[in-house]
Amino acid sequence: MERILVINGPNLNRLGTREPSIYGDDTLASLEQRLTHFGEINNMKVECRQSNHEGILLDWIQEAESKFGGIVLNAGAFTHYSYAIRDAIASVNIPVIEVHISNIHAREEFRHHSVIAPVVAGQIAGLGFKGYELAVLALLDSFS
Ligand code: DHK
């Protein structure tokens, strides 16, 4: 069975209470439940993790190469400036799809630029939680 790792980065543990007009009212727990269920009905194992710490995200990306077929990554604000996360993605031989709940291109200028965009398989932004499911589907498609 294919395995996909979903990684949420800094401040995404605050979904549900954090700026609901931008990120919605639903919690990280409900997102993770939804993705786990989505994996089950699509015959794959989706594992979800969240951390506020850059080094932990780096470890998970590196380790995923030997355990997962692909990664769905919302790196939060690290998206905009972490060359370390960019290099970790570039170093692994599995596809990574970048997801943002909000449309980063329609927000503050500093969010328009993603330093990880050049090394990911694709980017989904602005579609809310649905974007994670679409990323999982895109990975599943890439396996066949
Ligand atoms: C989440 C964050 O935490 C922000 O720092 C990004 C992203 C946008 C999102 O839309 O999911 O700028």
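Count the net charge of all other residues whose Cβ sits under 13 Å from the Cβ of SER82, scoring Lys and Arg as +1 and Asp and Glu as -1. Show your work: numbers first, answer last.
Numbers: positive: ARG86; negative: GLU54, ASP87, GLU98.
After counting each charged neighbour, the total is -2.
Net length available on complete extension from ASP25 to ALA77 is 16.8 nm, with 0.36 nm assigned per residue and the Cα-Cα distance removed.
Residues in the range 94-102 carry Karplus couplings, in order, of 10, x, 10, 10, 8, 10, 10, 5, 8 Hz; the curve used is 6.51 cos²θ - 1.76 cosθ + 1.60 with θ = phi - 60°, and Gly or Pro positions show x. Most tightly packed first, judged by the mean number of other beta-carbon atoms within 10 Å of their residues, the peptides 13-26, 73-86, 43-56 read 73-86, 43-56, 13-26.
Rounded to the nearest 20 debye, the dipole size of the range 1-82 about its Cα centre is 60 debye, using +1 on the Cβ of Lys and Arg and -1 on the Cβ of Asp and Glu. Taking amide H positions as modeled 1.01 Å from N, with prolines and chain starts lacking one, no residue 5 or more places away or on another chain lies under 5 Å from GLY24.
So for the chain, averaging the separation of alpha carbon pairs under 8 Å that are six or more residues apart and normalising by length, what relative contact order in percent results? It comes to 26 percent, rounded to a whole number. Computed from label points 7 Å out along Cα-Cβ, the spacing between ALA84 and GLU63 is 1.6 nm.
For a Förster distance of 35 Å, can you work out the FRET efficiency between the beta-carbons of HIS37 and GLU109, rounded to the nearest 0.05?
Values: r = 37 Å, r/R0 = 1.06.
Efficiency at R0 = 35 Å is approximately 0.40.
Other residues within the sphere of radius under 15 Å centred on the Cβ of VAL119, judged by their own Cβ, net out at -2 (K and R +1, D and E -1).
What does the helix-only formula give at 222 nm for the chain: each DSSP H stretch with n ≥ 4 adding -39500 (n - 2.57), the total divided by the residues, and the result rounded to the nearest 500 deg cm²/dmol? Before the final figure, lay out each step's value.
Working: 5 runs with 52 residues, N = 144.
The helix-only estimate for the chain comes to -10500 deg cm²/dmol at 222 nm.
Of the peptides 109-120, 61-72, the ranking by mean beta-carbon count within 10 Å, highest at the top, reads 61-72, 109-120.
Bear in mind these aren't lab numbers, they're just calculated from the coordinates by the rules spelled out. Bear in mind that the values here come from a model prediction, so they are computed numbers and not experimental data. All Cβ positions, even for glycine, are placed from backbone atoms using ideal geometry, and neighbour counts span all protein chains on display.
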